[in-house]
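Engineer: Provided herewith is a single structure, encoded as structure tokens, for subsequent inquiry.
The values are calculated or read from the model by the stated rules, or taken from the named source; none is laboratory data. Note that the coordinates shown come from a computational prediction; the quantities given were computed from them, not determined experimentally. Backbone-built Cβ (ideal geometry, glycine too); neighbour counts: all protein chains shown. These area figures cover heavy atoms from the full protein model, side chains too; ligands, DNA and RNA do not enter into them. Shrake-Rupley method; radii C 1.70, N 1.55, O 1.52, S 1.80 Å.
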Amino acid sequence: MNYRSALILGAAVLMAAVSTGLSGCAPTEQTVVMRGPDFSQTKDVALDFVQIHNDTIDAFGDAETNPYVYINNLNVSGDNDSKTVTIEAVCMDDTTKEEAEQFAAAAVRHVNDAAVTQSNEYELSSQESFGTLFSKYALTLSVKPESTEDDESTWLIDLKLNPGDEIPLDPDIETYEEEWADERDRILESLQDQAIVLQSSASEEAAAADESTAAETTETAETAETSEADTAESPASAVD
């Protein structure tokens with residue numbers, strides 16, 4: 001064997017050894033490939049309905065900053081096992097059907113958005129959508145006049161929906177709230193103008209009253225002076 005042949009043979013043996021070693025590291029059917037957690041998968045989170053109730057109340061804000069002043073009481077509850085949500089509201093007796101529907105739509109959206117803060121399984125509501133909470137949870141929703149809240153036949157809103165049912169309300173509460181805010185501003189501006197007019201009128205009346213009082217005082221003083229002068233002249237006339 002010459003030098004060239006020996007070199008070729010040695011290279012072949014080395015490549016065979018490397019190939020054998022690499023084949024020992026290749027995965028086999030028994031090899032377990034470890035993977036990290038898949039965060040794209042969402043767990044079935046148990047919702048905290050006490051917190052959802054509180055968040056829904058907070059979402060409405062102060063009575064002075066929203067148009068739902070006709071609502072006296074609101075309660076939100078739910079059950080994770082039966083996948084149900086209950087929204088109950090008591091309104092003033094003179095509340096209209098339209099007002100009840102506007103409030104009900106706002107309540108449904110606020111409840112959905114409160115659930116979103118607890119689980120990314122659900123999507124936020126919008127002017128076109130009530131979100132996705134009620135694709136999984138059934139909804140019972142009622143708005144009851146205060147004096148007849150025990151008489152279901154008088155309820156302005158009485159809905160019992162299965163998961164995924166279409167909610168027969170308009171989710172566009174923004175337009176309603178903006179129109180109400182504009183009307184409120186116009187009313188407040190009108191009241192302020194009336195207050196200015198009344199204040200000006202009151203000032204004018206007060207000034208006129210002061211002038212009248214001053215005139216009466218002057219007249220009284222003049223009358224007193226005339227009376228004193230007449231009294232002073234009376235003895236002289238008697239002597240004459």
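Engineer: Being among the acidic types (Asp, Glu) and part of a loop (DSSP other than H, G, I, E, B) is the filter; apply it to the stretch 168-217 and report the residue that is nearest to residue 125 (Cα to Cα).
Structural biologist: Filtering first and then ranking leaves 172.
Engineer: Now a separate question. What are the residues in the stretch 132-153 that are open to solvent by 20 Å² or more (accessible area, probe 1.4 Å) and either part of a loop (DSSP other than H, G, I, E, B) or hydroxyl-bearing (Ser, Thr, Tyr) (or both), if any?
Structural biologist: 132, 135, 136, 140, 147, 148, 149, 150, 151, 153
Engineer: Residue check: is residue 130 touching a helix residue (DSSP H, G or I) at 6+ places or on another chain (Cβ under 6 Å) and within 27 Å of residue 60 (Cβ to Cβ)?
Structural biologist: Values: touching a helix residue (DSSP H, G or I) at 6+ places or on another chain (Cβ under 6 Å): yes; within 27 Å of residue 60 (Cβ to Cβ): yes.
Judged against the criteria, residue 130 is a match.
Engineer: So which residues in the stretch 82-106 are of a type in the set (Gly, Ala, Ser) and closer than 14 Å to residue 49 by Cα, if there are any at all?
Structural biologist: Here is the first cut: in the stretch 82-106, the ones of a type in the set (Gly, Ala, Ser) are 82, 89, 100, 104-106.
The answer is 82, and nothing else.
Engineer: Going by what's in this entry, would residue 115 be described as assigned to a helix (DSSP H, G or I) and either within 24 Å of residue 148 (Cα to Cα) or over 15 Å from the mean Cα position of the chain (by Cα) (or both)?
Structural biologist: No: the conditions fail for residue 115.
Engineer: Considering (1) in contact with a Cys (Cβ under 8 Å, 6 or more places away or on another chain); (2) open to solvent by 40 Å² or more (accessible area, probe 1.4 Å), say which one residue 156 fails and leave the rest.
Structural biologist: (2)
Engineer: Is it fair to say residue 129 is among the hydroxyl-bearing types (Ser, Thr, Tyr) and either part of a helix (DSSP H, G or I) or modelled with pLDDT under 95 (or both)?
Structural biologist: no
Engineer: Now for a separate question. Specify the residue that is most open to solvent (accessible area, probe 1.4 Å); the eligible residues are those in the stretch 45-95 that are of a type in the set (Ser, Thr, Tyr) and either touching a residue at least 40 places away in the same chain (Cβ under 8 Å) or in a loop (DSSP other than H, G, I, E, B) (or both).
Structural biologist: By that ranking, first place goes to 82.
Engineer: Which residues, counting only those in the stretch 101-141, are closer than 19 Å to residue 83 by Cβ, of a type in the set (S, T, N, Q) and free of Cβ contacts under 8 Å to residues at least 60 places away in the same chain?
Structural biologist: Listed by number, the residues that qualify are 112, 125, 132, 135, 140.
Engineer: Among the residues of the stretch 43-91, what is the count of those that are of a type in the set (Gly, Ala, Ser) and closer than 19 Å to residue 145 by Cα? Quick ask: steps written out before the conclusion?
Structural biologist: Keep residues of the stretch 43-91 that are of a type in the set (Gly, Ala, Ser), which gives 46, 59, 61, 63, 77-78, 82, 89.
This time we only want the ones that are closer than 19 Å to residue 145 by Cα, so: 63, 89.
Count: 2.
Engineer: Determine which member of the set 187, 173 is modelled with pLDDT of 95 or more, of a type in the set (A, V, I, L, M) and surrounded by 10 or more Cβ atoms within 10 Å (Cβ to Cβ).
Structural biologist: After ruling out the rest, the residue left standing is 173.
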